[in-house]
Amino acid sequence: MRLRPGVLVLLVPALVLSACGKDSKTSTSDEGNTQSFDVKLTGNACEPTRISANAGPASFTVTNASNGKVSEFEILSGQHIAAEVEDVVPGVDRTFSLTLKPGTYTTYCPGAKQDKGTLVVAASGSAAGAGSSADQRAVSRYVDYVKSEAGALVSSTAAFAGAVTAGDVEKAKSLFASSRAHYERIEPIAESFGDLDPKIDAREGDVAADNWSGFHRLEKALWVDRSVAGMGPVADSLVADITKLNKEIPGLELEPAQIANGAVGLLNEVSASKLTGEEDRYSHTDLSDVAANVDGAKVAFNALRPLLADKQAALASTIDQRFVEAEAALSQYAGSNPTGNGYVLYGALTPDQTKALSNTVDALAEPLSRVAAIGVA
Ligand SMILES: [Cu+2]
């Protein structure tokens with residue numbers, strides 16, 4: 001699940017603009033004309049409360065001057081979050097990027113006295129501006145994958161939930177990791193799933209105990225209680241939520257930078273809170289999730305790759321190489337445990353091994369973060 005309250009999730013890494021420096025108002029041509037904006041969170045507002053921009057790639061560096069009262073900044077397109085950054089604390093800036101389309105966005109910093117502002121985006125003269133047909137093709141390549149994974153998720157979850165309903169604990173355990181892997185592959189855009197993401201994938205404590213449902217609720221019943229008594233309704237709602245998710249996929253409106261940022265955010269989450277054993281804390285099938293997250297991030301990158309300019313070929317090959325390294329690192333832990341979906345259980349790794357794996361994932365996330373910042377234009 002993405003965006004758990006109270007947990008440090010670095011949706012967008014501070015490293016995004018390390019290559020060009022955050023103080024340049026507009027960057028050099030090497031960076032594909034990304035516009036840069038500084039936003040300050042204060043107790044009063046997200047300042048400036050009115051920002052003017054041109055369509056195209058833009059990066060925002062957010063600093064906190066609010067004594068920590070306000071720590072989040074969002075850019076809303078209608079009701080939908082186009083981009084956001086969380087956990088901005090005094091002294092630590094956060095930078096994120098997105099491709100702006102002509103029109104008016106709302107800026108939002110929950111907790112401030114005046115919590116909303118305006119971002120007005122003028123049409124840009126550039127032929128490669130936002131919403132180009134190359135962008136649309138990239139998005140539709142990625143959405144095709146999401147559709148196919150969501151379709152597979154419907155069937156895999158039906159089988160898993162069926163075993164729960166039938167009271168077959170061993171069978172349900174053997175299907176848990178493989179059925180949820182289809183969800184983990186599309187997690188780069190889980191924020192777009194709204195309420196369905198926590199319903200499907202919240203960990204214990206992420207939501208109120210009464211509302212806790214989904215995969216991890218069933219995981220706890222299977223591995224801790226070793227009984228699925230009373231879990232029929234939970235299994236049924238999981239199937240219903242996933243069926244609903246599958247129906248909503250074709251209507252999702254995505255943009256390339258959102259896909260790139262989502263993949264980076266997910267990889268950051270992998271090292272911050274998945275390679276710590278927190279995601280699958282009862283079944284210890286974390287490596288299956290991590291492998292699925294890396295798979296999904298790779299498809300996201302490959303869908304976006306044609307948007308990278310020729311001059312970013314070196315960046316693209318660095319990312320390819322880092323994917324190879326991450327996959328090789330994971331393949332060391334392939335195993336035939338009956339519940340691990342092809343991987344050993346989390347506890348089989350030493351702390352040094354999880355640290356090394358997490359470094360490999362970070363080494364992939366860093367160049368990938370530059371795709372959102374400069375490449376997708
Ligand atoms: Cu998850």
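The values are calculated or read from the model by the stated rules, or taken from the named source; none is laboratory data. Worth saying up front: this structure is predicted, and the values here are computed from it rather than measured. Every residue, glycine as well, gets a Cβ built from its backbone with ideal geometry; the counts of neighbours run over all protein chains shown. Surface areas here come from the heavy atoms of the whole protein model, side chains and all, with no ligands, DNA or RNA. Shrake-Rupley method; radii C 1.70, N 1.55, O 1.52, S 1.80 Å.
Would you kindly state how much longer the chain becomes between Ala334 and Asn44 on full extension, computed as 0.36 nm times their sequence separation minus their alpha carbon distance, in nm to one decimal? Show your work: numbers first, answer last.
Values: separation 290, 0.36 × 290 = 104.40 nm, distance 5.20 nm.
Here the answer is 99.2 nm.
With only Lys, Arg, Asp and Glu charged, each at its Cβ (+1 for the first two, -1 for the last two), find how big the charge dipole of the range 137-256 is about the Cα centre; round to the nearest 20 debye.
Here the range 137-256 has a charge dipole of around 380 debye.
Suppose a student asked you for the relative contact order of the range 29-108, using Cα pairs under 8 Å spaced at least 6 residues apart; what percent would you report?
31 percent
Note down the magnitude of the dipole of the chain about its Cα centre, charges +1 on Lys and Arg C-beta and -1 on Asp and Glu C-beta and zero elsewhere, to the nearest 20 debye.
440 debye
Seen from all sides and averaged, what is the projected area of the convex hull of the Cα atoms in the range 232-306, in nm²?
The directionally averaged projection comes out at 6.3 nm².
Beta carbons within 10 angstrom, averaged per residue: use that to sort the peptides 139-146, 233-240, highest first.
139-146, 233-240
Hey, can you find the accessible area per residue of the range 165-220 for me, probe 1.4 Å, expressed in square angstrom? Please report the intermediate quantities before stating the final value.
Numbers: 2000 Å² over 56 residues.
Dividing the accessible area of the range 165-220 by its residue count gives 36 Å².
Under 15 Å from a point 7 Å along the Cα-to-Cβ line of Lys247: which residues of the range 170-214 have their amide N that close?
196
Place a label point 7 angstrom from the Cα of Val89 along the Cα-to-Cβ direction, then list the residues of the range 251-283 whose backbone nitrogen is under 16 Å away.
Residues 272-273 fall inside that zone.
If I compute solvent accessible area with a 1.4 Å probe over the protein chains, what percent of it on the chain is carbon and sulfur?
51 percent
Give me the percent of DSSP beta bridges within the chain that run antiparallel, rounded to the nearest 5.
So the antiparallel bridges amount to about 65 percent of the total.
Could you sort out which of Lys101/Lys247; Lys173/Lys199; Lys40/Lys69 sit more than 18 Å apart by Cα distance in this structure?
Cα-Cα > 18 Å for Lys101/Lys247; Lys173/Lys199; rest within.
Assuming R0 = 56 Å, what is the FRET efficiency of Ala313 and Tyr282, from their Cβ-Cβ distance, to the nearest 0.05?
After rounding, the FRET efficiency stands at 0.80.
When the Cα atoms of the range 102-203 are enclosed in a convex hull and the volume is divided per residue, what value in Å³ results?
Convex hull of Cα atoms, per residue: 127 Å³.
Would you calculate, for the chain, the mean residue ellipticity at 222 nm contributed by helices, counting each DSSP H stretch of 4 or more residues as -39,500 (n - 2.57) and dividing by all residues, to the nearest 500?
Computed ellipticity for the chain at 222 nm equals -13500 deg cm²/dmol.
For Ser133 and Thr104, calculate 0.36 nm times their separation in residues minus their Cα-Cα distance, and state this gained length in nm to one decimal.
Values: separation 29, 0.36 × 29 = 10.44 nm, distance 2.15 nm.
Here the answer is 8.3 nm.
Assuming R0 = 35 Å, can you tell me the calculated FRET efficiency for the pair Phe37 and Ala208, based on Cβ-Cβ distance, to the nearest 0.05?
Calculated transfer efficiency: 0.45.
Using the basic label-point model (7 angstrom from Cα toward the beta carbon), what is the Glu327 to Ala65 distance in nanometres?
Between Glu327 and Ala65, the label points sit 4.8 nm apart.
Leaving out same-chain residues fewer than 8 places away, which aspartates and glutamates sit with a Cα under 16 Å from that of Lys113?
The reachable aspartates and glutamates, counting only those whose Cα sits under 16 Å from Lys113, are Glu47, Glu72, Glu74.
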